[in-house]
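The values are calculated or read from the model by the stated rules, or taken from the named source; none is laboratory data. None of these values were measured; they are calculated from a predicted model. Counting neighbours? That spans all protein chains shown, and the Cβs are built from the backbone with ideal geometry, glycine included.
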Ligand code: CP3
């Protein structure tokens, strides 16, 4: 895609939305809040719609259903941002490596481990295959309340590659590491292909109406420094440069989960606007080291949200008091877990909305 993009206009200009102001580092009346996996199995209305849709991918690929489940948490809790309902693994599915989601296992794919299999993947069919996702994005822009920003997303090349090579989730990403360590050139071809098609995919989401983008690198923290640089940092730098060229006004949030002190290198070297930090990062360190470089998003423990009560209140207030004075977006350190009581989410949103900088 070569032309520059402009998002469709709505009653409230995108530029005035609290979430987008925070991503640009502008002052806001209070910190914006949204939660990773805010649509999902902790909501009874999600489970109902999921049952109607059939498979998980049917839910992602049917705009009517995907729009509905994206809106469910917005109606209930009034978050400042909504995230497109889809999954990071629609990319392998679109490349011709079919994905299915199995109860109790998660995603299952036929593993790709040879150069010939990588060369057989077809980057040219990705945008056509994902047309329903773009319809969902434009439908959401029309349906969302004026003040609610719309986030598009994708998985980072390394994290998506771990599922493509391993065929499913694994505790140590062993299969992807084996291919990367034993056949570095073959593995690099996969990373390069993913970097290219992920750029196409994110740009098309912006054309359809996404106002900010988040890139999830869930397994970045399992790599030794030189490989983190090669398979996470460098692809993200290229991706960010392409987005800056094609959609310069759209802020980008990176989430290289579990990388510790390398969060600093990541935000410095990739040029992203904001960084989402996991639960293990000390908010005081993030305020001192990361906030001068960009907006920080995070990092309540999803299990403190399950616990609720004083634990949740104290944990949330500690984060707000430490990070809430700089450019900040309240979020979790990782996604909401299915056994989260929805009432706790309601209490958390109230607490953040009442907190004053
Ligand atoms: O509300 C939202 O956050 C938007 C939708 C969203 C989903 N997945 C929906 C989903 C987003 C942003 C994701 C990202 C995603 N998907 C990541 C990166 C973030 C993270 O959580 O680390 C990863 C690694 C995946 C891959 C994936 N999808 C796995 C490993 C699983 C199975 C585990 C699980 O939680 O069930 C999924 C399935 C999935 N994606 C569900 C949802 C709501 C549950 C599926 C169901 O309803 O049965």
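Can you work out which of the residues in region 213-231 that are touching a helix residue (DSSP H, G or I) at 6+ places or on another chain (Cβ under 6 Å) and within 27 Å of residue 131 (Cα to Cα) is surrounded by the fewest Cβ atoms within 10 Å (Cβ to Cβ)?
218
Does residue 189 qualify as being more than 14 Å from the ligand (Cβ to nearest atom) and closer than 16 Å to residue 83 by Cβ?
Details: more than 14 Å from the ligand (Cβ to nearest atom): yes; closer than 16 Å to residue 83 by Cβ: no.
For residue 189, the condition - more than 14 Å from the ligand (Cβ to nearest atom) and closer than 16 Å to residue 83 by Cβ - is not met.
What pairs come up if the first residue lies in region 207-218 and is under 10 Å from residue 151 (Cα atoms) and more than 8 Å from the ligand (Cβ to nearest atom), the second is at pLDDT below 95 and in a loop (DSSP other than H, G, I, E, B), and their beta carbons are under 8 Å apart, counting only those six or more places apart or on different chains?
From residues that are under 10 Å from residue 151 (Cα atoms) and more than 8 Å from the ligand (Cβ to nearest atom), the pairs are 209/7; 209/8; 210/7; 211/7.
All but one of (1) over 23 Å from residue 30 (Cβ atoms); (2) assigned to a helix (DSSP H, G or I) hold for residue 88, so report the exception by its number.
(2)
Among the residues of region 169-179, is any on the phi > 0 side of the Ramachandran plot and buried (at least 21 other Cβ atoms within 10 Å of the Cβ)?
Checked region 169-179: at least one residue is on the phi > 0 side of the Ramachandran plot and buried (at least 21 other Cβ atoms within 10 Å of the Cβ).
Take region 15-48 and flag every residue that is in a loop (DSSP other than H, G, I, E, B) and crowded, with 20+ Cβ neighbours inside 10 Å.
17, 31, 32, 34, 35, 36, 38, 39, 40, 42, 43, listed by residue number.
Anything in region 145-170 that is farther than 30 Å from residue 207 by Cα and either in contact (Cβ under 8 Å) with a residue 12 or more places away in the chain or away from the ligand (no atom under 12 Å from the Cβ) (or both)? List them, or say none. I'd like the intermediate steps shown before the answer.
Initially, region 145-170 is screened for residues farther than 30 Å from residue 207 by Cα, giving 165-170.
Listed by number, the residues that qualify are 165, 166, 167, 168, 169.
Could you grab me the full set of residues in region 49-85 that are in a loop (DSSP other than H, G, I, E, B), within 11 Å of the ligand (Cβ to nearest atom) and over 19 Å from the mean Cα position of the chain (by Cα)? Steps first, answer last, please.
Looking only at region 49-85, we keep the residues that are in a loop (DSSP other than H, G, I, E, B), and these are 54-55, 62, 78-80, 84-85.
Add one more test, that the residue is within 11 Å of the ligand (Cβ to nearest atom), and what stays is 55, 79, 84-85.
55, the sole residue that qualifies.
So which residues in region 111-137 are within 18 Å of the chain's Cα centre (by Cα) and in a helix (DSSP H, G or I), if there are any at all?
If the condition is that a residue be within 18 Å of the chain's Cα centre (by Cα) and in a helix (DSSP H, G or I), then 133, 134, 136, 137 are the ones that fit.
Being in contact with a strand residue (DSSP E or B) (Cβ under 8 Å, 6 or more places away or on another chain) and more than 18 Å from residue 34 (Cβ to Cβ) is the filter here, so list the residues in region 146-159 that pass it.
155, 156, 158, 159
Only residues that are surrounded by fewer than 17 Cβ atoms within 10 Å (Cβ to Cβ) and in contact with a strand residue (DSSP E or B) (Cβ under 8 Å, 6 or more places away or on another chain): list them for region 320-357, please.
353
When residues of region 25-39 are filtered for being out of contact with any helix residue (DSSP H, G or I) (no Cβ under 6 Å at 6 or more places or on another chain) and within 10 Å of the ligand (Cβ to nearest atom), how many remain?
Residues flagged as out of contact with any helix residue (DSSP H, G or I) (no Cβ under 6 Å at 6 or more places or on another chain) and within 10 Å of the ligand (Cβ to nearest atom) within region 25-39 amount to 4.
Please work out which residue is nearest to the ligand (Cβ to nearest atom), limiting yourself to region 92-110 and to residues that are surrounded by 17 or more Cβ atoms within 10 Å (Cβ to Cβ) and not in a helix (DSSP H, G or I).
Top of the filtered list is 107.
One line per residue, one yes/no per condition, for (1) at pLDDT below 95; (2) farther than 29 Å from residue 14 by Cβ; (3) within 16 Å of the ligand (Cβ to nearest atom); (4) not in a helix (DSSP H, G or I):
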| residue | (1), (2), (3), (4) |
| --- | --- |
| 230 | no, yes, no, no |
| 238 | no, no, no, no |
| 244 | no, no, no, no |
| 293 | no, no, no, yes |
| 298 | no, no, yes, yes |
| 304 | no, yes, no, no |
| 310 | no, yes, no, no |
